[in-house]
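Quick one: the structure is below, questions incoming.
The values are calculated or read from the model by the stated rules, or taken from the named source; none is laboratory data. Bear in mind the structure is a predicted one, so any value in this text is a computation, not a measurement. Here the Cβ is made from the backbone with ideal geometry for all residues, glycine too, and neighbour counts use every protein chain on show.
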Amino acid sequence: MDAADRVAEAMAAWPRRDFLPRRERRHADRDGPLPIGHGQTNSQPRTVAAMLELLDVRPGDRVLDVGAGSGWSTTLLAHLTGPSGSVTGVERVPELCEVGAANLERTGMPWARLTLATPGVLGSPDEGPFHRILVSADAQTLPRALVEQLEPGGVMVIPVLGWMHRVTRELDAVDERGRTAYAEGRPSDARVEIHGAYRFVPLVED
């Protein structure tokens, strides 16, 4: 089964309707973003599928979900990793975090959790490194802090200035402390591929 088939299976198992505010559920089949409150959205299903296919999560992976919102993406990731993996979702809006964590708990997948992001900290560095990182918010630049939370050989999918980036952390060019060298604002150990234009809410990095 290839990445597209695995993602389609996960999305069939966990339709987004159950992760939407009650007032938005009648629009669940619409292929567009839907508001979930506090200026945030539940992303367009076609976009979510594209990002997950690029991420290519495998059973047993350790995964970080940045901007977890309603918990839908965290749930999909947990389905893809299976119980041999682990998924950490982080969300900055306390009210959304509470709703998303409750949604996730109802899925019965204890290897995934959704927590409130630590102010001033991007991602979850204390729990890394991760095999995969999904970011569902638009960054102004490729975040150094998240690249450094990837395992060597790990992959991050993130929109940057409206363009979807697939970032693979190379196996070399990392110093003895696991830090990334940077040149002209881009990590020297990251291979970056661009995969089309997308619109997302802004990523809050501080």
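Yes/no per residue for (1) touching a residue at least 12 places away in the same chain (Cβ under 8 Å); (2) on the phi > 0 side of the Ramachandran plot; (3) out of contact with any Ser or Thr (no Cβ under 6 Å at 6 or more places or on another chain):
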site	(1), (2), (3)
V90	yes, no, no
L104	yes, no, no
T107	yes, no, no
L116	yes, no, yes
D126	no, no, yes
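What about R6, is it surrounded by 15 or more Cβ atoms within 10 Å (Cβ to Cβ) and either touching a helix residue (DSSP H, G or I) at 6+ places or on another chain (Cβ under 8 Å) or assigned to a helix (DSSP H, G or I) (or both)?
Taking the combined requirement at face value, the residue satisfies it.
Among the residues that make up region 90-107, is at least one of them within 17 Å of V7 (Cβ to Cβ) and either surrounded by fewer than 20 Cβ atoms within 10 Å (Cβ to Cβ) or at pLDDT below 95 (or both)?
yes
In addition: Please determine whether any residue of region 58-67 is surrounded by fewer than 19 Cβ atoms within 10 Å (Cβ to Cβ) and among the aliphatic types (A, V, I, L, M).
No.
Sticking with this structure for a sec: Kindly provide the set of residues from region 114-124 that are surrounded by 15 or more Cβ atoms within 10 Å (Cβ to Cβ) and closer than 17 Å to V147 by Cα, ordered by number.
L122, G123, S124
Take the residues in region 70-89 that are of a type outside the set (A, V, I, L, M, F, W, C) and out of contact with any helix residue (DSSP H, G or I) (no Cβ under 7 Å at 6 or more places or on another chain), then tell me which one is surrounded by the most Cβ atoms within 10 Å (Cβ to Cβ).
T81
On to the next question. Given (1) out of contact with any Phe, Trp or Tyr (no Cβ under 6 Å at 6 or more places or on another chain); (2) closer than 18 Å to A8 by Cβ, identify the lone condition not met by W72.
If we test W72 against (1) out of contact with any Phe, Trp or Tyr (no Cβ under 6 Å at 6 or more places or on another chain); (2) closer than 18 Å to A8 by Cβ, just (1) comes out false.
To continue, here is another question. Residues L80, L54: which one is in contact with a strand residue (DSSP E or B) (Cβ under 6 Å, 6 or more places away or on another chain) and either more than 21 Å from L203 (Cβ to Cβ) or among the aliphatic types (A, V, I, L, M) (or both)?
L54
Still on this model: Going by what's in this entry, would T47 be described as of a type in the set (S, T, N, Q), under 19 Å from A8 (Cα atoms), touching a strand residue (DSSP E or B) at 6+ places or on another chain (Cβ under 9 Å) and without any contact (Cβ under 8 Å) to a residue 60 or more places away in the chain?
So T47 fails the test.
Here is a yes/no grid of residues against (1) closer than 21 Å to G123 by Cβ; (2) over 18 Å from the mean Cα position of the chain (by Cα); (3) modelled with pLDDT of 90 or more:
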position: D5; (1), (2), (3): no, yes, yes
position: E24; (1), (2), (3): no, yes, no
position: R30; (1), (2), (3): no, yes, no
position: G37; (1), (2), (3): no, yes, no
position: D61; (1), (2), (3): yes, no, yes
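Can you spot a residue in region 105-114 that is more than 24 Å from R17 (Cα to Cα) and either touching a Cys at 6+ places or on another chain (Cβ under 7 Å) or of a type in the set (K, R) (or both)?
No, region 105-114 has no match at all.
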